[in-house]
1. Looking at the structure I just gave you, is residue 145 assigned to a helix (DSSP H, G or I), modelled with pLDDT of 95 or more and touching a helix residue (DSSP H, G or I) at 6+ places or on another chain (Cβ under 6 Å)?
2. Taking residue 178 as meeting all but one of (1) more than 15 Å from the ligand (Cβ to nearest atom); (2) out of contact with any strand residue (DSSP E or B) (no Cβ under 9 Å at 6 or more places or on another chain), write down the number of the exception.
3. State which residue pairs qualify: first residue without any contact (Cβ under 8 Å) to a residue 40 or more places away in the chain and in the same structural domain as residue 232 (by TED's automatic domain parsing) and inside segment 195-216, second residue assigned to a helix (DSSP H, G or I) and away from the ligand (no atom under 12 Å from the Cβ) in any location, beta carbons under 6 Å apart, and separation of 6 or more residues or different chains.
4. When the residues of segment 201-215 are narrowed to those that are under 19 Å from residue 4 (Cβ atoms) and touching a strand residue (DSSP E or B) at 6+ places or on another chain (Cβ under 6 Å), which ends up farthest from the ligand (Cβ to nearest atom)?
5. Return the residue satisfying two criteria in turn: it lies in segment 181-193 and is within 16 Å of the ligand (Cβ to nearest atom) and assigned to a loop (DSSP other than H, G, I, E, B), and of such residues it is nearest to the chain's Cα centre (by Cα).
6. Being modelled with pLDDT of 95 or more and within 30 Å of residue 171 (Cβ to Cβ): is that true of residue 19 here?
7. Within segment 216-237, which residues are near the ligand (Cβ under 8 Å from one of its atoms) and not in a loop (DSSP other than H, G, I, E, B)?
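The values are calculated or read from the model by the stated rules, or taken from the named source; none is laboratory data. On a predicted model such as this, the values are computed, not experimentally measured, just so you know. No Cβ is skipped: glycine too gets one built from the backbone with ideal geometry, and neighbour counts run over all protein chains shown.
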Ligand SMILES: [Zn+2]
């Protein structure tokens, strides 16, 4: 039964890592969307500013044309004023001159305001352009990272599934089924080490009779409280495999090396490993 428990623990370790990998895959679309959003906002800000500058320039050109026309009108007006010979017409032409002067002043003021606005807008362009370049660089970098992480996660899940199938097929089908059922109920949280009659996951004390039965190690037993598969952590003839902590071994572990690990490991399973995910406190 210890061999089976070892295999279960190894499968659970794999499943936990697969869950982490799955999380990477699940989170990827949202990350990509937010990345796209950031870049398109930066592009839009830059484009909007450029459009404002262009529009302003068009307005300025129109104003320049208007001022040229008003200048021509002023010259025409002066010429006419010299030719007028009756007072009534003279007054009317004079009035016309006032209107031309007034409109010229308005257009000049407007032109000045536009020039100032153009200066303000133009000053904003270089920092915004720089921000866009930085955002684009970040985008390229983060996009590559997300895609690489996605590929790594998919790859890991595929390899781990093969590894899991191999581990499952190395034990009795009925036991494998039991494990898979428990795992479907509580993915990655199937196993419960028992020490000193206490479930180290849910911290409940199991009845003495149950503990004695468990110590016989001849069948699969569930914790009466958390319903995980129990195993006697301190079995004298055996130490359960430790969950690998090194991230760099993620996905690289072959079935062979896993099996070797089971045989070689003499260290006890660290209680903290389990409790980190399942319960808050730790008691050795
Ligand atoms: Zn329990």
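1. Values: assigned to a helix (DSSP H, G or I): yes; modelled with pLDDT of 95 or more: yes; touching a helix residue (DSSP H, G or I) at 6+ places or on another chain (Cβ under 6 Å): no.
Taking the combined requirement at face value, the residue does not satisfy it.
2. Going through the list (1) more than 15 Å from the ligand (Cβ to nearest atom); (2) out of contact with any strand residue (DSSP E or B) (no Cβ under 9 Å at 6 or more places or on another chain), residue 178 breaks only (2).
3. That search, which allows pairs on different chains as well, returns 197/211.
4. The qualifying residue farthest from the ligand (Cβ to nearest atom) is 215.
5. Filtering segment 181-193 for residues that are within 16 Å of the ligand (Cβ to nearest atom) and assigned to a loop (DSSP other than H, G, I, E, B), the one nearest to the chain's Cα centre (by Cα) comes out as 188.
6. On the way: modelled with pLDDT of 95 or more: yes; within 30 Å of residue 171 (Cβ to Cβ): yes.
When the stated conditions are applied, residue 19 passes them.
7. At the first step, the residues of segment 216-237 found to be near the ligand (Cβ under 8 Å from one of its atoms) are 223-228, 230.
Across segment 216-237, the qualifying residue is only 230.
Per-residue answers, yes or no, for (1) within 18 Å of residue 155 (Cβ to Cβ); (2) in contact (Cβ under 8 Å) with a residue 60 or more places away in the chain; (3) not assigned by TED's automatic domain parsing to the domain that holds residue 138:
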residue: 2; (1), (2), (3): no, yes, yes
residue: 25; (1), (2), (3): yes, yes, no
residue: 28; (1), (2), (3): yes, yes, no
residue: 44; (1), (2), (3): no, no, no
residue: 63; (1), (2), (3): no, no, no
